[in-house]
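Chemist: Sharing a structure below in structure tokens format, with a few things to ask.
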Amino acid sequence: MNADDSVFLGDVVKTRKPHPCGGDTWTVIRTGADIKIRCLTCGRIVMMDRVTFLKRRKVTVSRLEQSEQEQTEGVG
Ligand SMILES: [Zn+2]
């Protein structure tokens, strides 16, 4: 299993701890030194630094195609 610390715009991720609204699925809307994610359940936007984001991220659910690199993702 890869220690994947990559973050791409458009990633859909799940966090270890759910948002107070109950949702745990987010879309990455900004990358860089700070990461901005939007809760898919309530639409709130949260900004945090990259390190914090990587700690909170449980799994990347889906990723836009960024390159020719192929990724195998387990389902379910
Ligand atoms: Zn929310």
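Chemist: Give me the percent relative contact order of segment 3-62, please, defined on Cα pairs under 8 angstrom at least 6 residues apart.
Modeler: Values: 110 pairs, mean separation 20.9, N = 60.
Relative contact order of segment 3-62: 35 percent.
Chemist: State the antiparallel share, in %, of DSSP beta bridges confined to segment 3-62, rounding to the nearest 5. Intermediate values should be presented prior to the final figure.
Modeler: Details: 16 of 16 bridges.
Counting DSSP beta bridges with both partners in segment 3-62, the antiparallel share is about 100 percent.
Chemist: Okay, next question. What is the distance, in nm, between label points placed 7 Å from the Cα along the Cα-to-Cβ direction at L64 and at L9?
Modeler: 0.6
Every number here is computed from the coordinates shown, using simple stated rules; none is lab data. Because the structure is predicted, anything quoted here is derived from the model rather than measured. Quick reminder, even Gly has a Cβ in these numbers, built from the backbone with ideal geometry, and neighbours come from all protein chains shown.
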